[in-house]
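Every number here is computed from the coordinates shown, using simple stated rules; none is lab data. This structure is a prediction, so every number in the text was calculated from the model and none was measured. Here the Cβ positions follow ideal geometry from the backbone for every residue, glycine too, while neighbour counts run over all protein chains shown.
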Amino acid sequence: KLKKQFAYADAKGIPFVATMGSEEIAQGIVSVKDLRSGEQRAVRTDELISLVQ
């Protein structure tokens, strides 16, 4: 289902997708994928807003 959600976001022109699994939650990080460039990286939750602005 995650692949469908990424495709939906891309079709709607949403530039970023953020995901959190149990490991990310425990570490206080978010996995963010830039759908335009394909780049994916992990960022701290407090950095998320500044990343996507």
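Table for the structure above
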| item | result |
| --- | --- |
| Residue order, fewest to most surrounding Cβ atoms within 10 angstrom, among Ile14, Ile49, Ile29 | Ile49, Ile14, Ile29 |
| Rough spin-label spacing in nm, given labels placed 7 Å along Cα→Cβ, for Thr45 and Asp10 | 2.9 |
| Charge-dipole axis of segment 2-52 as Lys and Arg at +1 and Asp and Glu at -1 on Cβ define it, positive-most pick from Ser37, Val17, Gln5 | Gln5 |
| Over the chain: helical MRE at 222 nm, DSSP H runs n ≥ 4 each giving -39500 (n - 2.57), nearest 500 | -10000 deg cm²/dmol |
| Which label in (i) 76, 11, 8; (ii) 24, 20, 19; (iii) 30, 26, 14 gives the computed Cα extents along the principal axes in Å | (iii) |
